[in-house]
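**Q** Structure incoming, see below.
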Amino acid sequence: MLPKNEIVLEARGLTKYYGDFLAVDNLNFSVRKGEIFGFLGPNGAGKTTTIRMLTALSPPSDGTAYVLGLDIRENPLEIKARIGVAPEISNLYDELSALDNLIFMCQLYGVPRKERVKRAEELLEIFNLKDKRNTLFRKLSKGMKRALTVASALVHRPSLVFLDEPTSGLDVLSARSLRMIMRRLRDMGVTIFLTTHYLEEADMLCDRIALIRSGKLVKIDTPEGLKASVSEGKSLEIRFRNGNEESLQELKKRMSPFKVTILNGERVRVYGDDIGEICERITKLSKELGMELADIFSFNPTLEDAFIELTGLSPIVMSIEKEGKVNVTG
């Protein structure tokens with residue numbers, strides 16, 4: 001068994017061009033054995049391109065990466081055989097049952113014939129799909145399809161699994177169930193490389209998180225470390241009934257030296273230790289700018305705050321073109 005802190009994935013100057021377009025720009029990071037490593041960023045940030053390189057599906061233009069000790073340039077076939085990949089769009093077959101899909105994946109990954117049915121049954125049990133073993137894939141619910149897709153990536157017992165948006169568009173219960181399974185896999189020593197558009201989910205699950213924007217690595221830290229980088233102590237969120245971009249920009253300017261983030265046309269967040277002074281100044285400025293206060297409440301900095309602070313982007317961009325919304329409580 002590998003030591004707990006062994007590096008199972010390391011990117012070294014990983015770079016990808018598409019013609020003259022620089023999609024991934026000199027990434028350097030490592031992933032440790034047995035952790036859930038979040039890889040977060042807006043659409044177009046380079047996440048999918050990075051994953052395609054790390055899983056040996058697309059060669060880098062420059063730099064390289066080592067996956068389970070193997071160079072992605074020199075050992076692509078061996079890497080593909082040793083890792084698990086659960087894509088956002090399922091690669092399973094509608095006309096096969098849940099059981100037969102897993103058996104077929106066992107065959108593709110070279111699981112010995114005599115072990116295939118047993119391994120498939122084990123995974124159906126782990127993913128709470130035992131009573132659906134004979135149900136055709138196309139007749140499963142969306143949550144069950146996602147669960148089976150993740151299960152199929154584990155048939156050969158890989159020590160490193162790439163999960164691309166595993167809970168995207170799922171209902172609350174299905175998403176919660178899949179997150180419990182991810183935690184269980186981590187407890188079993190499986191390393192998970194996770195992409196997700198749900199910041200609360202990343203906060204709950206990930207041991208460390210890498211933020212990427214425009215192909216560049218912004219920062220890597222634990223969720224707590226990222227949140228601590230924003231501000232210490234409590235801050236305030238203020239909602240105005242008749243706010244507008246021009247008024248909020250003026251408010252932001254006049255609130256100096258307090259740090260202000262505009263969330264949308266009616267909400268701002270103000271960071272600082274002196275809550276009393278912040279409230280006093282906000283009340284005064286809202287009257288001067290003709291804005292009516294609706295709500296003021298305090299909060300501890302969240303991963304969303306860290307995302308806004310470090311990337312300069314609203315978290316709304318994380319969910320563009322994603323189907324539905326997921327409540328991630330629990």
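**Q** Of all DSSP beta bridges in the chain, what percent run antiparallel (nearest 5)? Walk me through the numbers before you get to the answer.
**A** Working: 35 of 50 bridges.
Of the beta bridges lying entirely in the chain, close to 70 percent run antiparallel.
**Q** Among the lysines, which have Cα under 19 Å from the Cα of residue 80 when same-chain residues fewer than 8 positions away are ignored?
**A** Output for residue 80: 33, 47.
**Q** Same structure, new question: How would region 1-100 be classified by its alpha-carbon gyration tensor: rounded, prolate or oblate, with rounded meaning a/c under 1.5 and the a/b versus b/c comparison settling the rest? Show your work: numbers first, answer last.
**A** Numbers: a/c = 1.69, a/b = 1.18, b/c = 1.42.
Note, shape of region 1-100 comes out oblate.
**Q** Taking region 13-87, which GluC sites (Glu not before Pro) meet the DSSP loop condition and have no more than 12 other C-beta atoms within 10 Å?
**A** 74
**Q** Right, something else. Out of all Cα-Cα pairs in the chain, roughly what percent, to the nearest whole number, are more than 36 Å apart?
**A** Numbers: 15555 of 54285 pairs.
Looking at the chain, the distances longer than 36 Å represent 29 percent of pairs.
**Q** Right, another one. With runs of 4+ DSSP H residues as the only contributors, calculate the mean residue ellipticity of the chain at 222 nm using -39,500 (n - 2.57) per run, divided by the residue total and rounded to the nearest 500. Don't skip to the end; give the middle numbers.
**A** On the way: 11 runs with 113 residues, N = 330.
Helix contribution divided over all residues of the chain: -10000 deg cm²/dmol.
**Q** Moving to a separate point now. Just the accessible area per residue of the chain, please: how many Å² with a 1.4 Å probe?
**A** Working: 15700 Å² over 330 residues.
On a per-residue basis, the chain sits at 48 Å².
**Q** What percent of all Cα-Cα pairs in region 80-143 falls into each 10 Å bin, going from 0 up to the bin containing the maximum distance?
**A** Result, from short to long distances: 21, 55, 23, 0 percent.
**Q** Could you give the length gained on full extension between residue 156 and residue 21, defined as 0.36 nm per residue of separation minus the Cα-Cα distance, in nm?
**A** The residue 156-residue 21 span can extend by a further 44.9 nm.
**Q** Between 106, 279, 206, which gets the highest mean-square fluctuation from a Gaussian network model of the chain, Cα cutoff 10 Å?
**A** Of the options given, 279 has the highest mean-square fluctuation.
**Q** Once you've got the GNM for the chain with C-alpha springs shorter than 10 Å, pick whichever of 53, 291, 182 has the biggest mean-square fluctuation.
**A** Result: 291 has the largest fluctuation of those listed.
**Q** For the chain, calculate the relative contact order in percent as a whole number, restricting contacts to Cα pairs under 8 Å that are 6 or more residues apart.
**A** Details: 626 pairs, mean separation 64.3, N = 330.
Relative CO of the chain lands at 19 percent.
**Q** Probe radius 1.4 Å, ligands and nucleic acids ignored: give me the carbon and sulfur share of the accessible area of the chain as a rounded percent. Mind showing how you got there, number by number?
**A** On the way: 7710 of 15700 Å².
Of the solvent-accessible surface of the chain, carbon and sulfur hold 49 percent.
**Q** With the contact rule set at Cα under 8 Å and sequence spacing of 6 or more, what percent relative contact order holds for region 9-87? Write down the numbers at each step before the final one.
**A** Working: 116 pairs, mean separation 25.2, N = 79.
Once normalised by length, the contact order is 32 percent.
**Q** Next question, about the same structure. Would you look at the GNM of the chain, springs on alpha carbons closer than 10 Å, and say which of 29, 297, 307 moves the most?
**A** So, out of 29, 297, 307, the one fluctuating most is 297.
**Q** Students often forget the sequence filter, so: which aspartates and glutamates lie under 19 Å Cα-Cα from residue 130 once same-chain residues fewer than 8 apart are removed?
**A** Within the straight-line cut-off, residue 130 pairs with 94, 95, 100, 115, 121, 122.
The values are calculated or read from the model by the stated rules, or taken from the named source; none is laboratory data. Remember, it's a predicted structure, so these values are computed and weren't measured experimentally. Cβ sites come from the backbone with ideal geometry, for glycine too, and all protein chains shown count toward neighbours. Each accessible area value is taken on the protein alone, full model and side chains, heavy atoms only, with ligands, DNA and RNA left out. Shrake-Rupley method; radii C 1.70, N 1.55, O 1.52, S 1.80 Å.
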